[in-house]
Amino acid sequence: MNLNKTLKTRASIRNYSNKKPKYDKIIDAIEAANLAPSPGNLPILKFIIIEDEEKIGKITQACQQPFIKKAQVLVVVCSDSKRTNIMYDKRADKYIKQHAGAAIENFLLKITDMKLASCWVGAFSDITIKNTLKIPDEIEVEAVLPIAYPHKTDKTKQKSKPNLGNIIFFETWNNKYKKPIRKTGTH
Ligand SMILES: Cc1cc2nc3c(=O)[nH]c(=O)nc-3n(C[C@H](O)[C@H](O)[C@H](O)COP(=O)(O)O)c2cc1C
C-alpha cells in the first residue's frame, strides 16, 4: 500500500477472525512503533506481547471491552518516565504522551499496511493490567493494542474526520481566511 492509501484505510477494527497473526508481523508492527520520533531520542516505551489466553481474558476484563478477547495477540504499550523526567522536568509528561501517540499511530499504520486489524484501546483499569503482567509501579500503561486478522464479514471503514475548513487557521487563532498571495514585481 502507498502511504496515502494506508492513512485513509486505517480504521479501528473490533471484529476479528480466528486466524492468528505470525510472529514476524507482530515484530514488524513493534518495529514501526519504535521508529517514531521521541524527545531527546530517549528510549521510553516497552511493548509486552501477550499470547496467553488467560492473560488476554484478564486484560479484556480490565478494559471491559469484550471484542479484545477475540484477538489471539495483544501488545501492551508501557512507558518508563525516569530519564524523560530528569531531562525535561515539567514538560516530561506531555512529551511521553506525545511520543506514545506517535508510536501507536506508526504501529496502527503498519498493521493496516500488512492487512491486519487492530484498535487503539486506552480505557482500562491500570491496576488490573499491572497486576496481571507484573508491571512495576513506576511504569505507566499507555495502551492495549490487539493484533488480529479482520473477520471475513468485517466491512469497517474509517470514521469520517473533521472538515479541513474547520480545523485550519491562518496566522492567528480562529482565522479561517487566507489572505490572497501578493504578487511581486507588478506595479
Ligand atoms: C487515546 C485513544 C483511546 C482510545 N480508546 C479506545 C478504547 O478504549 N476502545 C475502543 O474501542 N476504541 C478506542 N479508541 C479508538 C477510537 O474510538 C477511534 O479511533 C475513533 O472512534 C475513530 O475511529 P477510527 O480509528 O476508525 O478512525 C481510542 C482512540 C484513542 C486515540
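FYI, it's all coordinate maths here, none of it is from the lab. Just so we're clear, the structure is a prediction, and the values are computed from it rather than from any experiment. In this analysis, Cβ positions are derived from the backbone assuming ideal geometry, glycine residues included, and neighbour counts consider all displayed protein chains.
Could you go through the range 121-138 in sequence order and give the Karplus-derived ³J(HN,Hα) for each residue, using 6.51 cos²θ - 1.76 cosθ + 1.60 with θ = phi - 60°, rounded to whole Hz, and x for Gly and Pro?
With the stated coefficients, the range 121-138 comes to 10, x, 9, 6, 7, 4, 5, 5, 5, 4, 5, 5, 9, 6, 8, x, 3, 6 Hz.
Amide H neighbours of S81 under 5 Å, at least 5 residues apart or on other chains, H built in the peptide plane: list them.
Amide H to amide H, under 5 Å and 5 or more residues apart or across chains, S81 pairs with E140.
Given an 8 Å cut-off on Cα distances and at least 6 residues of separation, report the relative contact order of the range 66-165 as a percent. Walk me through the intermediate numbers first.
Numbers: 92 pairs, mean separation 42.1, N = 100.
Normalised by residue count, the contact order of the range 66-165 is 42 percent.
Exactly which chymotrypsin sites (Phe, Trp or Tyr not before Pro) in the range 113-187 are in a DSSP loop and have at most 14 other Cβ atoms within 10 Å?
Within the range 113-187, the qualifying chymotrypsin sites (Phe, Trp or Tyr not before Pro) (loop, at most 14 other Cβ atoms within 10 Å) are F169, F170, W173, Y177.
Please enumerate, by chain and number, the lysines with C-alpha under 24 Å from the C-alpha of K82, excluding those fewer than 8 residues away in the same chain.
K82 reaches K46, K90, K94, K97, K130, K134.
Excluding residues fewer than 8 places away in the same chain, name every one of the lysines whose C-alpha is closer than 25 Å to that of K5.
K19, K20, K22, K25, K110, K115, K152, K155, K157, K159, K161
Exposed loop trypsin sites (Lys or Arg not before Pro) only (DSSP loop, at most 13 other Cβ atoms within 10 Å): please give the longest stretch of the chain free of them, not including the sites.
Looking at the chain, 23-114 is the longest stretch - no exposed trypsin sites (Lys or Arg not before Pro) with at most 13 other Cβ atoms within 10 Å.
Pull up the cross-link candidates among the aspartates and glutamates for K69, meaning alpha carbon to alpha carbon under 17 Å and not fewer than 8 places away within one chain.
Straight-line reach from K69, under 17 Å: E51, D52, E53, E54, D154.
Pairs of alpha-carbon atoms within less than 8 angstrom and 6+ residues apart define the contacts here; what relative contact order does the range 1-141 have, in percent? Let's see the in-between values first.
Working: 176 pairs, mean separation 51.8, N = 141.
In percent, rounded to a whole number, it is 37.
Choose one of I30, I48, L3: the residue whose Cα lies farthest towards the positive end of the charge dipole of the range 1-119 (beta-carbon charges +1 Lys, Arg; -1 Asp, Glu; about the Cα centre).
Farthest along the dipole direction, towards plus: L3.
For the range 11-86, state which GluC sites (Glu not before Pro) are in a DSSP loop and have at most 15 other beta carbons lying within 10 Å of their beta carbon. Working shown, then result.
Numbers: sites: E31, E51, E53, E54; in loops: E51.
Passing sites in the range 11-86 are E51.
Using only Cα atoms, find the angle between the long axis of helix 23-34 and the longest principal axis of the chain, and express it within 0 to 90 degrees, rounded to the nearest 10.
Helix 23-34 and the main axis of the chain meet at about 40 degrees.
Based on other C-beta atoms within 10 Å, arrange V73, V144 from fewest to most. It would help to have the intermediate numbers written out before the result.
Numbers: V73 21, V144 27.
Ascending Cβ contact count within 10 Å gives the list V73, V144.
Could you go through the range 62-78 in sequence order and give the Karplus-derived ³J(HN,Hα) for each residue, using 6.51 cos²θ - 1.76 cosθ + 1.60 with θ = phi - 60°, rounded to whole Hz, and x for Gly and Pro?
Rounded to whole hertz, the list is 4, 8, 6, 9, x, 4, 4, 4, 6, 7, 9, 9, 10, 10, 9, 8, 10.
Magnitude of the Cβ-charge dipole of the chain, K/R +1 and D/E -1, about the Cα centre, nearest 20 debye? If you can, show how the numbers build up before the last one.
On the way: 33 positive and 19 negative charges, 243 e Å.
Taking the Cα centre of the chain as origin, the dipole is about 1160 debye.
Add +1 for every Lys or Arg and -1 for every Asp or Glu among the other residues with Cβ under 9 Å from the Cβ of M114, and state the total.
Numbers: positive: K25, K110, K115; negative: D28, D113.
Local charge sum for M114: +1.
Could you tell me the calculated FRET efficiency between D154 and K55, based on Cβ-Cβ distance and R0 = 25 angstrom, to the nearest 0.05? Before the final figure, lay out the partial values.
Values: r = 25 Å, r/R0 = 0.99.
Calculated value: 0.50.
State the answer as a single residue: which of A143, F67, T128 lies farthest towards the positive end of the charge dipole of the range 3-155, with beta carbon charges of +1 for Lys and Arg and -1 for Asp and Glu, about the Cα centre.
F67
With a point put 7 Å past each Cα toward its Cβ, work out how far K115 is from R182 in nm, to one decimal.
The two pseudo-label positions are separated by 5.5 nm.
Counting Lys +1, Arg +1, Asp -1, Glu -1, what net charge surrounds E105 among other residues with beta carbon under 13 Å of its beta carbon? Don't skip to the answer; put the middle values down first.
Working: positive: R10, K97, K110; negative: D113, E142.
Spelling it out: positives minus negatives among the neighbours equals +1.
Could you work out the local net charge near K8, counting Lys and Arg as +1, Asp and Glu as -1, over the other residues with Cβ closer than 13 Å to its Cβ? Spell out each step's value before the answer.
On the way: positive: K5, R10, K157, K159, K161; negative: D113.
Result for the local shell: +4.
Show me, for the range 82-92, the HN-Hα J-couplings you get by feeding each phi into the Karplus relation (A = 6.51, B = -1.76, C = 1.60, θ = phi - 60°), rounded to Hz, glycine and proline as x.
Once θ is set to phi - 60°, the couplings for the range 82-92 become 3, 5, 5, 4, 5, 7, 10, 6, 5, 7, 4 Hz.
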